[in-house]
Ligand code: AMP
């Protein structure tokens, strides 16, 4: 199975891709997580992406596409969910060509639909582990500010500060909404209202994917 998850920041792409990935043995591939890892390890790619990441701007296509192309080379034959890619129409067109070259079929692009007010509510309570990058809601964590996975420290994400969030939401509207329309025109789009808890939304995604495949 090969899936793309699309949606505004804080729509739950990361959480849902983890849940679906566990259930169907897929690899969740987040370009945001990959870029932050490059930055933390100070690789050449991380240094090139640094100024964009620190100002919450989209990293240029040639950097992100190249990073993903390397990942595809190293993970041939695998099943995956892309979270946070494609974010622009040119990335979407590049992905279509790249998959065709590799004889990979995209099963669906899932668009997670969440109201702006709900997104704002979510970013107000979202935290991220400074060691393993896990993103979660503060009220779901039982042991204070300690990561449930690795015991690292949980902190608010800098790019969730309200002004940064507004900029990222604007990028979503300007750059990623056309990607959603692109997949709708190709007949690959599945829309899911993603306002419930992650387990409920995951079940809705599964139902809509199995309805699509029939
Ligand atoms: P995310 O964790 O998906 O919110 O991504 C964090 C940051 O990584 C974004 O604000 C962008 O700077 C960068 N990024 C992630 N994915 C992409 C992409 N597909 N295209 C360009 N920049 C990206």
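Here the label points at residue 130 and residue 23, each 7 Å from Cα along the C-beta direction, are separated by 3.5 nm in the simple model.
Taken along the Cα-to-beta-carbon direction at a fixed 7 Å, the label points for residue 90 and residue 195 span 3.6 nm.
Compute a Gaussian network model of the chain, connecting alpha carbons closer than 10 Å, and tell me which residue from 70, 188, 61 fluctuates the most. Between 70, 188, 61, it is 70 that shows the largest mean-square fluctuation.
Measuring r between the beta carbons of residue 166 and residue 71 and using R0 = 35 Å, the FRET efficiency lands at 0.70. Specify the inter-centroid distance of region 63-90 and region 181-210, based on alpha-carbon positions, in whole Å. Their Cα centres are 20 Å away from one another.
Okay, helix-only estimate at 222 nm for the chain: each DSSP H run of n ≥ 4 adds -39500 (n - 2.57), divide by all residues, round to 500 deg cm²/dmol; what do you get? After summing the helix terms and dividing by residue count, I get -15000 deg cm²/dmol.
The distance from the alpha carbon centre of region 99-138 to that of region 158-173 is 14 Å, rounded to a whole number.
Could you tell me which of rounded, prolate or oblate describes region 1-65, using a ≥ b ≥ c as the square roots of the eigenvalues of the alpha-carbon gyration tensor, with rounded for a/c under 1.5 and, failing that, prolate when a/b is larger than b/c and oblate otherwise? Prolate.
Shape class of region 104-214 from the Cα gyration tensor (axes a ≥ b ≥ c, square roots of the eigenvalues): prolate, since a/c reaches 1.5 or more and a/b is larger than b/c. Counting beta carbons within 10 Å around each of 169, 183, 116 and listing the fewest first gives the order 116, 169, 183. Listed from fewest to most Cβ neighbours within 10 Å, the set 192, 177, 127 follows the order 177, 127, 192.
Subtracting the Cα-Cα distance of residue 145 and residue 2 from their residue separation scaled by 0.36 nm leaves 48.0 nm.
Pull out a ≥ b ≥ c, the square roots of the eigenvalues of the alpha-carbon gyration tensor of the chain, then state rounded if a/c is under 1.5, prolate if not and a/b is larger than b/c, and oblate in the remaining case. Note, shape of the chain comes out rounded. The GNM of the chain, with springs linking C-alpha atoms under 10 angstrom apart, assigns the highest mean-square fluctuation among 153, 176, 190 to 153. Considering only beta bridges that DSSP places wholly inside the chain, some 30 percent are antiparallel.
Taking 27, 81, 180 as the candidate residues, the one with maximal mean-square fluctuation in a Gaussian network model of the chain, Cα springs under 10 Å, is 27.
All of the numbers you see were taken from the coordinates with simple rules; none came from a lab. Please read all numbers here as calculations on a predicted model, not as lab measurements. Reconstructed Cβ throughout: ideal geometry from the backbone, glycine too, with neighbour counts over all protein chains shown.
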